[in-house]
């Protein structure tokens, strides 16, 4: 049996599912996400998978994390990470078909009480609810801005795309043999 090979095809206006083009499907997918999975590493290179609520805006993902969580220290020490945004199991009839975006990226800490920090934490509170108002008062929480660099968006069987950042215009179909 020959090894499987993949080729890439630039996506223009090819429908993904339900008549939506892949870029539109990505936009709707991102708008519905309020949480993500983080993959970070500690100083020894030991991987850690974790979860965090998030807010997505203009190509960036914002998370508000406590120093009590190991992923926070990992991000303060190393600005590279991977994130997974995934469709809720309860919303999908087949777990193999769950829509998902897996991407690598970099992270920066937004300076506490800066204009940007105040603006983004207000947006997080609007999006995620009143708990955020309480958490903003706790000094061990840090606001991070994640900038995805590259990844893969899967929106169904045989519907996988390479992506640069969170730019739907950069989607390139991954085609099997």
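Side notes on the structure shown:
- Residues that are touching a helix residue (DSSP H, G or I) at 6+ places or on another chain (Cβ under 9 Å) and at pLDDT below 95, drawn from the stretch 67-99: 67, 87, 89, 95, 98, 99
- Scanning the stretch 76-96 for residues that are within 18 Å of the chain's Cα centre (by Cα) and in contact (Cβ under 8 Å) with a residue 12 or more places away in the chain turns up 78, 79, 80, 81, 82, 83, 84, 85, 86, 87.
- For the stretch 83-105, the tally of residues that are surrounded by 13 or more Cβ atoms within 10 Å (Cβ to Cβ) and closer than 20 Å to residue 51 by Cβ stands at 14.
- Test result for residue 118, surrounded by fewer than 17 Cβ atoms within 10 Å (Cβ to Cβ), touching a residue at least 24 places away in the same chain (Cβ under 8 Å) and outside any strand (DSSP E or B): no
- Of the residues making up the stretch 42-75, those that are assigned to a strand (DSSP E or B), touching a strand residue (DSSP E or B) at 6+ places or on another chain (Cβ under 9 Å) and in contact (Cβ under 8 Å) with a residue 40 or more places away in the chain are 53, 55, 56, 60, 61, 62, 63, 64, 65, 66.
- Qualifying positions in the stretch 126-153 - modelled with pLDDT under 95 and either within 18 Å of residue 84 (Cβ to Cβ) or out of contact with any helix residue (DSSP H, G or I) (no Cβ under 9 Å at 6 or more places or on another chain) (or both): 127, 128, 129, 130, 134, 137, 138, 139
- Filter pass, residue 33 being in contact with a strand residue (DSSP E or B) (Cβ under 7 Å, 6 or more places away or on another chain), modelled with pLDDT under 95 and surrounded by 17 or more Cβ atoms within 10 Å (Cβ to Cβ): yes
- Taken over the stretch 160-177, the criterion of being modelled with pLDDT of 90 or more, touching a strand residue (DSSP E or B) at 6+ places or on another chain (Cβ under 7 Å) and either loosely packed, with under 14 Cβ neighbours inside 10 Å or under 15 Å from residue 29 (Cα atoms) (or both) is satisfied by 160, 161, 163, 165, 166, 171.
- For the stretch 125-159, residues that are surrounded by 15 or more Cβ atoms within 10 Å (Cβ to Cβ), over 19 Å from residue 105 (Cα atoms) and over 15 Å from the mean Cα position of the chain (by Cα) total 9.
The values are calculated or read from the model by the stated rules, or taken from the named source; none is laboratory data. The model shown is predicted, which means the values in this text are computed figures rather than measured ones. As a convention, Cβ positions derive from the backbone with ideal geometry for all residues, glycine included, and neighbour counts pool all protein chains shown.
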